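Reading through the structure tokens given below for one structure.
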Amino acid sequence: MSTLPTSATTWPTPGDTVVSLPPAPATHVTVRGLSKGFGGVPLYTRFNLDLPRGRIVSIFGPNGCGKSTLMNMIAGLIEPDEGEILFDGKSLRETTIGYVFQNYRDALFPWLSSWDNIAYPLRRQGMKPDAVKARVDELARLFEIRFDLQRYPYDLSGGQMQTVCIMRALAPRPEVLFMDEPFSALDFEMTLFIRAKLQEAHLATGVTMVIVSHDLEDAVFLADQILLLTRRPTRIAEIVPFDLPRPRTPEAVADPEFVRVKSRTLEVFRREMST
Amino acid sequence: MLFKMPWQRLLPLIGPALLLALWQLMISANWVKPVLLPPPGETLVHLWSTFASGAILPDLWSTVFRTLCSFGLAVLIGVPLGILLGSNVNAYRSVEFAIDFFRSTPSSALIPLFMLIFGITDINKIAIASFGAMLIVLFNSAYGVMNAKKTRVMAAQIMGVSRWHVFKDVLLMESLAQTFVGLRSAVSMALVIVIVAEMFIGSETGLGHRIIDAQQVFNVKDMYTSILVTGALGYLLNLGFLLIEKKLIHWSGKA
């Protein structure tokens with residue numbers, strides 16, 4: 001009978017480091033020896049991961065496998081018990097990141113207009129008013145904003161609010177953009193719109209993106225790689241590459257390559273479910 | 001409903017009209033001796049004349065002055081203290097029992113205690129009213145900070161914003177809606193305690209003093225007039241705060 005570690009903070013053998021296991025070429029985010037447990041039950045044990053630069057990676061896996069936990073540890077919202085996370089060799093503190101929450105209503109600042117929400121991170125960085133205006137205008141053009149950004153978030157539709165959230169996250173030109181189920185609260189029309197806009201933003205900025213999704217189609221559609229996780233204790237089940245050229249139109253879901261990748265992903269997912 | 005029929009605007013007047021009708025009925029049907037309850041018409045005429053002659057104004061002014069002084073003190077102490085305690089949950093937990101205990105104790109029960117400390121003075125009335133109101137302000141401000149949406153705080157942290165700015169730009173702003181709920185209850189509480197204090201702590205002025213004086217000499221018309229004025233004062237204070245809140249905290253209840 002194997003014994004689980006009694007405390008989540010002590011592990012029998014040390015995990016890898018960037019020294020013992022160097023990142024693959026063209027890696028942007030390097031995760032080494034990451035361990036995290038909740039209430040003494042390990043979720044991640046000495047977990048290693050390389051996220052490629054300028055690519056979109058979707059995280060997908062069974063319920064409770066800790067998709068969001070993994071992303072939130074990388075984004076610094078959850079403290080891992082052990083392990084190191086480096087962005088191009090830098091720490092998180094030295095790195096500008098963006099984060100889009102599932103619950104856009106709770107993520108925006110309702111006392112600021114939509115415009116001021118987007119400008120907020122720029123102003124707090126000490127950017128000059130002219131430069132702030134230029135950056136917000138630039139984003140408004142990129143996202144083809146047709147509603148009045150002077151309105152308060154609570155006066156906008158859900159899709160408009162999530163658009164503002166994405167613009168705010170992109171405003172400081174982050175190196176990595178994290179998105180936690182960004183589509184799950186949106187209707188289909190807005191999902192299509194945001195998918196298209198995210199691809200344009202990705203093309204225009206080359207930002208590395210990480211998306212957590214519980215919807216298989218959402219997980220596959222934007223991704224260059226689908227990171228499939230196992231049940232807990234969580235490991236990487238498989239990394240499925242998806243090379244369909246961008247921009248991918250809504251019709252791409254009928255493309256044979258999309259269908260193939262989606263069914264492959266589903267296959268791995270079902271295999272992991274049944275173990 | 002976006003569009004209101006003209007008659008729907010009159011709906012709020014039905015309650016007061018019914019009350020006046022009931023009042024008149026009680027007198028017409030001889031349910032109550034007229035010596036205990038004057039007719040509504042006469043009372044309203046008396047109300048008008050006390051304002052026209054200015055007889056009620058010094059009392060009204062003292063009550064308003066005491067209420068606003070107490071409220072002002074309560075805000076000055078309660079808001080900063082509440083926000084400070086709210087941003088440190090351990091600090092709040094350690095004083096929570098004391099706050100809840102005194103919040104649940106009717107402040108009027110503390111009047112004798114305050115009389116021992118402050119004597120029968122104006123300061124006493126303001127002190128006890130501001131004490132009662134302060135607890136409400138403090139409690140609401142603290143909870144406003146503690147119940148700040150975690151997502152908003154995280155959103156600011158992700159941006160690499162300093163702790164001070166997370167506090168000032170997010171926690172403080174988040175607490176405002178709840179703080180205003182506290183301010184509204186606190187001004188009502190301040191008025192209640194001021195009126196009680198004016199009745200039972202030797203007082204020369206104030207609406208509470210006017211009510212108890214009129215009752216002692218069986219001047220029921222003047223007593224009911226003063227009660228109506230006190231009610232109207234409480235209502236207007238509440239309404240004033242509601243309007244300020246709508247203007248300043250425009251996101252309240254929407255986000």
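Provide the net charge surrounding B:I158, with neighbours chosen by a C-beta distance below 15 Å and charges set as Lys +1, Arg +1, Asp -1, Glu -1. The answer is +2.
Near the amide H of A:H28, within less than 5 Å, lie the amide hydrogens of A:L51, A:R53, all on another chain or at least 5 residues away, with H placed in the peptide plane. The residue among A:F183, A:C65, A:L198 whose Cα reaches farthest toward the positive pole of the charge dipole of chain A, with charges on the beta-carbon of Lys, Arg, Asp and Glu, is A:C65. The count of lysine pairs in chain B whose Cα atoms are under 25 Å apart, excluding pairs fewer than 8 places apart on the same chain, comes to 15.
With charges only on Cβ, +1 for K and R and -1 for D and E, what is the dipole size of chain A about its Cα centre, in debye, rounded to 20? It works out to roughly 320 debye. Would you give the gap between the C-alpha center of region B:1-78 and the C-alpha center of region A:171-203, rounded to a whole Å? So the separation of the two Cα centres works out to 57 Å. Think of the protein assembly as shown as a dipole: +1 on every Lys or Arg Cβ, -1 on every Asp or Glu Cβ, centred on the Cα centre; then among B:A21, A:H214, B:S107, B:A21 lies furthest on the positive end.
Evaluating kT/(6 pi eta Rh) at 10 °C and 1.306 mPa s, with the Kirkwood radius of chain A over Cα pairs in the Stokes-Einstein relation, gives 81 µm² s⁻¹. The reciprocal of the average 1/r between distinct C-alpha atoms defines the Kirkwood hydrodynamic radius, which for the protein assembly as shown equals 28.1 Å.
Take each residue in B:157-164, count the other chain C-beta atoms within 10 Å of its C-beta, and the mean is 6.
Note on region B:55-248: with charges restricted to the Cβ of Lys and Arg (+1) and Asp and Glu (-1), its dipole about the Cα centre is near 760 debye.
The angle between the Cα long axis of helix B:220-248 and the longest principal axis of the Cα atoms of chain B comes to about 20 degrees, rounded to the nearest 10.
If a spin label sat at a point 7 angstrom from the Cα of B:E96 along the line to its beta carbon, the backbone N atoms of region B:134-157 nearer than 16 Å would be those of B:139-148.
So which GluC sites (Glu not before Pro) in region B:196-255 are both in a DSSP loop and have at most 15 other Cβ atoms within 10 Å of their Cβ?
B:E204
Restricting the calculation to Cα atoms, region A:133-275 shows an Rg/Rh of 1.00 when the hydrodynamic-style radius is the Kirkwood one. For chain A, the mean residue ellipticity at 222 nm estimated from helices alone is -10500 deg cm²/dmol, where every DSSP H run of n ≥ 4 contributes -39500 (n - 2.57) and the total is divided by all residues, rounded to the nearest 500.
Here chain B is treated as a Stokes sphere of Kirkwood radius computed over C-alpha pairs; at 25 °C and 0.890 mPa s its diffusion coefficient rounds to 117 µm²/s.
Rounded to the nearest 10 degrees, the angle from helix B:11-28 to the longest Cα principal axis of chain B is 30 degrees. Computed from backbone phi with θ = phi - 60° and the Karplus coefficients 6.51, -1.76 and 1.60, the 3J(HN,Hα) list for region B:42-52 is 4, 5, 5, 5, 5, 4, 4, 5, 5, 6, 4 Hz; x is used for glycine and proline. Close amide H contacts of A:E82 (hydrogens built in the peptide plane, cut-off under 5 Å, sequence separation of 5 or more or a different chain): A:S35. Structure remark: mean-square fluctuation, Gaussian network model of chain B, C-alpha springs under 10 Å; the largest value among B:L239, B:L135, B:L207 belongs to B:L239. For A:L229, the residues 5 or more places off, or on other chains, whose built amide H falls under 5 Å of its own are A:F60, A:G61, A:A237.
Evaluating 6.51 cos²θ - 1.76 cosθ + 1.60 at θ = phi - 60° for every residue in region B:122-138, the Karplus couplings come out as 5, 4, 4, 4, 5, 4, 5, 5, 6, 4, x, 5, 4, 4, 5, 4, 4 Hz, glycine and proline recorded as x.
Helix A:129-142 and the long axis of chain A differ in direction by around 80°, with both axes built from C-alpha atoms. Basic side chains Lys and Arg get +1 at the Cβ, acidic Asp and Glu get -1 at the Cβ, and with that the dipole of the protein assembly as shown about its Cα centre reaches some 100 debye.
Choose one of A:T30, B:W31, A:V136: the residue whose Cα lies farthest towards the positive end of the charge dipole of the protein assembly as shown (beta-carbon charges +1 Lys, Arg; -1 Asp, Glu; about the Cα centre). Checked the options; the winner is A:V136.
Only the coordinates and a few stated rules stand behind these numbers; no lab work does. Worth saying up front: this structure is predicted, and the values here are computed from it rather than measured. We place every Cβ from the backbone using ideal geometry, glycine too, and count neighbours over all the protein chains shown.
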